[in-house]
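As structure tokens, the structure follows; a few thoughts come after it.
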Amino acid sequence: MFEWIKRLRKEKMPTRKLGSRDAGDEAVRLELSAFAPGVMPFLGLTTYLQLGLYEAAARAVAGAPNLESKEVLARSAGVTLTKHQRLSEELRRRGREPHLVMQPYTPVIDRYIERIDTPDWHQHVLSIYLVGGLFDGFFAELARGIDDGFRSEAIEILVDNTGREDLNKLLAAEIAVDPQLANRLALWGRRLVGDTLLVSREVLALSEGRTFVASHVEPIFTELIAEHSRRMDDLGLTA
């Protein structure tokens with residue numbers, strides 16, 4: 001798996017961003033949206049993922065070294081909780097109990113959260129920043145392929161980046177105080193991308209409209225890596 005990731009990194013990275021609205025991005029968007037699952041698997045996955053990201057942000061609040069950091073992380077947790085609640089409300093509107101719809105998809109998300117769990121507070125915050133951005137973009141693009149009236153609202157929920165810039169500033173400030181922190185976070189960021197791609201592969205395999213073939217989705221993963229690298233570069237970290 002990691003040799004495959006290294007090979008993708010060596011290829012020329014796309015200059016366009018995942019989820020860009022430019023006309024030139026249509027091919028990338030359509031390729032990912034073609035793997036969209038049915039609306040119920042989509043809602044089960046995204047609703048539980050947002051719950052997991054909220055819990056991760058809440059744990060970071062508890063471990064924050066100062067009040068300013070706590071406030072930034074609490075705001076981030078609040079945004080993620082709101083996304084979870086809006087997705088849950090859609091399930092209830094359809095007459096479904098959220099916990100029952102989420103249940104089949106808890107193992108894949110729980111395994112992922114367990115793999116990226118760390119007692120290091122700075123690494124934990126970096127995970128929230130990078131993983132939240134990657135998965136929100138990934139699922140927003142998948143949503144474009146859902147044949148359902150909730151599609152537009154799902155995209156609107158997931159592309160909400162409120163608070164993400166504050167997380168970037170928080171991490172940048174911590175690195176400025178302790179420049180040695182950058183090396184440790186760069187290593188952690190490189191590990192995160194591998195685990196994130198593993199989950200992305202499992203999600204794409206749930207597609208109801210297209211059979212998953214690894215070679216067919218390499219451009220998608222190359223684009224995800226490029227987006228991950230951009231966020232790392234924004235913090236002065238080498239992806």
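Bear in mind these aren't lab numbers, they're just calculated from the coordinates by the rules spelled out. Remember, it's a predicted structure, so these values are computed and weren't measured experimentally. Don't worry about glycine lacking a Cβ; one is built from the backbone with ideal geometry, like all the others, and counts go over all protein chains shown.
Shown is the FRET efficiency for ASN168 and ARG191, computed with R0 = 22 Å from the Cβ-Cβ distance and rounded to the nearest 0.05: 0.65. Compactness ratio for the stretch 132-239: Cα radius of gyration over 2.2 N^0.38 Å (N = residue count) comes to 1.23. Working note: Cα gyration tensor of the stretch 35-234, eigenvalues times five, square-rooted, sorted largest first, giving semi-axes of 28, 20, 14 Å. On full extension, the segment bounded by VAL61 and ARG93 gains 8.3 nm, given 0.36 nm per residue less the C-alpha separation.
Among 159-169, 81-91, what's the highest-first ranking by average C-beta atoms within 10 angstrom per residue?
Details: 159-169: 15.3, 81-91: 19.0.
Sorting 159-169, 81-91 by mean packing, highest first, produces 81-91, 159-169.
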